[in-house]
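Input: a single structure, listed below in structure tokens.
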Amino acid sequence: MDVRIAKSAGFCFGVQRAVQLVYDEAEKETAAVCTLGPIIHNEFVVKDLEEKGVLVLDEDLKVRGTGAEPPSDSVIIIRSHGVSRALYEEIRKKGWRIVDATCPFVHKIHKIAAEKSAAGCCIVIIGNADHPEVKGIRGWVSGPCAVVETPGDVDRLDFPENSQVCIVSQTTFHFDKFQELVEIICKLGYHVIVENTICNATKERQTEALDLASQSDIMLVIGSRTSSNTQKLYNLCRSQCKNTYYIQKLDDLETTHFPSDSCVGITAGASTPNNIIQEVSQHVRGTEF
């Protein structure tokens, strides 16, 4: 059996940095450590952190599950998705110490959105309106703003004719779909500025997954069901390999035996720890028949 793991599978730079910051703060044991929302879309990492005393806050800045306010000396960690300007200022005014784990690539989008909107541009964010990263980006826009994910969303754009429009993207959006939507927007008569803010690691991960799936008899995509980038990986792999399975951990794997003459490809979302990837790959190698 030929088992191939995508080189880019697992934690990306931004996620690795954010998770490490939380563990570092938890080890100090000098103050209550809180993350604004789960630090990543991975229930196993979040559970491990909770066992170390890390609290998860909702957007109302209350402890999830209890509704309590964090202690006055708490450390609040902003996850890699980032937050709106208003929420950041609210945390700061509370007097809590802030550890900003926002991915540098997301910070770049905040800066573009803030500067371009202040200069009079309408902002178009290509991405999922419900995703925390996109919500955060919107919170740095001071003027007209719209989020588009499909051509139908583009049809509903209603900026004034000849408007200056700056287009940015959710970092994990699919590159080809981004280009498609940009082309449609450019035909609407606006004066368009395009900022391709898709993370290079995302593009590389998606390209690798497509290539690996096209060569595989079976494709395994590992990641949380709530992970946007993992869902995109699954859809891409499914387009190339009909035997594609979406799993969060080894126990979710429906296929328990793999033909010895098959090629099994494995990739994983940006919030998937390496130990889960290795556990799945070792299992696959040990079940051939």
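Observations on the structure shown:
- Cα-based convex hull, the stretch 198-289, per residue volume (Å³, whole number): 83 Å³
- Computed with the Debye formula from one identical point scatterer per Cα of the chain, without solvent, the log10 of I(q)/I(0) at q = 0.08, 0.11, 0.15 Å⁻¹ comes to -0.39, -0.72, -1.13.
- In the chain, Cα pairs under 8 Å separated by at least six residues give a relative contact order of 21 percent.
- Carbon/sulfur fraction of accessible area - the chain, other protein chains in place, 1.4 Å, %: 47 percent
- Straight-distance candidates among the lysines for linking to residue 232, with alpha-carbon spacing under 21 Å and chain neighbours fewer than 8 residues away dropped: 7, 135, 177, 203, 242, 249.
- The Cys residues in the chain with no partner Cys Cβ within less than 4.7 Å of their Cβ are 12, 34, 103, 122, 145, 186, 199, 237, 241, 263.
- Net charge dipole, the chain: roughly 540 debye, given to the nearest 20, about the Cα centre with Cβ charges of +1 for Lys and Arg and -1 for Asp and Glu.
- Prolate/oblate/rounded label for the stretch 117-169 (Cα gyration tensor, a/c 1.5): oblate
- Relative to the Cα centre, the charge distribution of the stretch 125-177, modelled as +1 at Lys and Arg Cβ and -1 at Asp and Glu Cβ, gives a dipole magnitude of about 180 debye.
- Cα gyration tensor, the stretch 100-215 - rounded (a/c under 1.5), prolate or oblate: oblate
- Across the chain, the longest run free of exposed loop sites, meaning GluC sites (Glu not before Pro) lying outside DSSP classes H, G, I, E and B with no more than 12 other Cβ atoms within 10 Å, spans 30-160.
- As a length-normalised measure over Cα pairs under 8 Å and 6 or more apart, the relative contact order of the stretch 136-289 settles at 19 percent.
- Shape class for the stretch 14-75: oblate, because the ratio a/c of the largest to smallest gyration tensor axis (alpha-carbon atoms, square roots of eigenvalues) is 1.5 or more and b/c is at least a/b.
- Local electrostatic count, residue 115, Cβ distance below 13 Å [Lys/Arg +1, Asp/Glu -1]: +3
- Percentage relative contact order, the stretch 79-132, counting C-alpha pairs under 8 Å, at least six apart: 41 percent
The values are calculated or read from the model by the stated rules, or taken from the named source; none is laboratory data. The model shown is predicted, which means the values in this text are computed figures rather than measured ones. Every residue, glycine as well, gets a Cβ built from its backbone with ideal geometry; the counts of neighbours run over all protein chains shown. Remember, those area values only see protein heavy atoms, side chains included, never the ligands or the DNA or RNA. Shrake-Rupley method; radii C 1.70, N 1.55, O 1.52, S 1.80 Å.
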